[in-house]
Structure formats: structure tokens, C-alpha cells
């Protein structure tokens, strides 16, 4: 399965999560989004975002100051969208 890549390097909270939310809405259930970010707060932000929305944070890593997150879009029957999202 192909991954969509979202580059939000250089953006600070809350922009990485907002852009990821928009990108995930455009994916089919089960598809994956890889997010590249440089904001250290993104680690906690994406963990909380996935907990609240039901998406799966499959992996995250950091190399040379760039954080990589892989999120799988939740199943369609896990909707509705979270408040404010």
C-alpha cells in the first residue's frame, strides 16, 4: 500500500496537526500518511491527536532533528470526527 507524504518541516504547533488532519480526511480508511516535522512538540501532539481521533499512530522516529510519523486512517465506522476537527 502506498504512503502519502506530508512535509510540515519548519511549521510549529498547531499547524503540523492541522495539516495532517486535512490530509487524513482525503485518504481512504486504512491508508497511511507519513508526516515529516521539525517541531519537537509534534511528538506529544500526534500521540494525543491519534488517541482523540481513533487514527493509528503506527510508528514515529527522529533523525537529525526531523521527526517522522506514520499514521493509518481509522476505519470508516470509527467516525464521527472529533469536536473542533
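The values are calculated or read from the model by the stated rules, or taken from the named source; none is laboratory data. From a predicted model like this one, the values you see are computed outputs, not experimental measurements. Every residue, glycine among them, receives a Cβ derived from its backbone with ideal geometry; neighbour counts consider all protein chains shown.
Any residue that is farther than 21 Å from residue 76 by Cβ, free of Cβ contacts under 8 Å to residues at least 24 places away in the same chain, surrounded by fewer than 17 Cβ atoms within 10 Å (Cβ to Cβ) and out of contact with any helix residue (DSSP H, G or I) (no Cβ under 9 Å at 6 or more places or on another chain) - is there at least one of those in the stretch 21-33? Scanning the stretch 21-33 turns up no residue that is farther than 21 Å from residue 76 by Cβ, free of Cβ contacts under 8 Å to residues at least 24 places away in the same chain, surrounded by fewer than 17 Cβ atoms within 10 Å (Cβ to Cβ) and out of contact with any helix residue (DSSP H, G or I) (no Cβ under 9 Å at 6 or more places or on another chain). As for the stretch 29-39, it holds at least one residue that is in contact with a strand residue (DSSP E or B) (Cβ under 6 Å, 6 or more places away or on another chain), part of a strand (DSSP E or B) and farther than 14 Å from residue 57 by Cα. Taking residue 68, is it modelled with pLDDT of 95 or more, in a strand (DSSP E or B) and surrounded by fewer than 12 Cβ atoms within 10 Å (Cβ to Cβ)? No, not satisfied.
Answer yes or no: is there a residue in the stretch 8-16 that is surrounded by 14 or more Cβ atoms within 10 Å (Cβ to Cβ), touching a helix residue (DSSP H, G or I) at 6+ places or on another chain (Cβ under 8 Å) and at pLDDT below 95. Among the residues of the stretch 8-16, at least one is surrounded by 14 or more Cβ atoms within 10 Å (Cβ to Cβ), touching a helix residue (DSSP H, G or I) at 6+ places or on another chain (Cβ under 8 Å) and at pLDDT below 95, which makes the answer yes.
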